[in-house]
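Read the structure below first, then the notes.
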Amino acid sequence: MAKIAPRLYKPYFIYPIPCIRIFKIVLPQRLSTQAPEEVKALGIKNIEKALHALNENLATQDYCISNTVFGPDYYWLAMLNWTIHHKIDLSSYQHIHSYLTKMRSRPEIQITFEKEMESLTI
């Protein structure tokens with residue numbers, strides 16, 4: 001049985017949600033196919049805590065820090081896109097779904113996605 005490090009999740013609520021150190025909360029390597037099941041379960045648990053906090057926060061404002069988009073919103077978009085690859089169901093997070101739609105419709109995001117798709121087809 002694999003050892004799990006003691007309480008790796010620490011909520012860094014400098015803002016109303018964990019916008020800072022998002023990567024430390026999500027830690028995608030915990031969802032690796034080579035990760036032990038206990039580690040994957042801890043990763044999913046921590047991701048769900050962060051998603052719940054984000055969803056609650058988005059119930060009162062348009063973006064993660066305020067009603068204006070800031071840097072952490074772009075990072076959250078990237079992290080939330082990983083949920084597709086890791087098959088994490090976001091259907092119970094209504095405000096996150098609206099947030100993703102809003103973020104993905106931004107012109108700079110559309111341009112970035114187009115460039116990424118071009119690079120994948122070359």
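Fully extending the segment from Lys49 to Glu108, taken as 0.36 nm per residue of separation minus the present Cα-Cα distance, adds 18.4 nm. Accessible area per residue was computed with a 1.4 Å probe on protein heavy atoms; Leu77 scores about 10 Å².
The values are calculated or read from the model by the stated rules, or taken from the named source; none is laboratory data. Note that the structure is a prediction, hence the values are computed from the model and not measured. All accessible areas refer to the heavy atoms of the entire protein, side chains included, with ligands and DNA or RNA removed. Shrake-Rupley method; radii C 1.70, N 1.55, O 1.52, S 1.80 Å.
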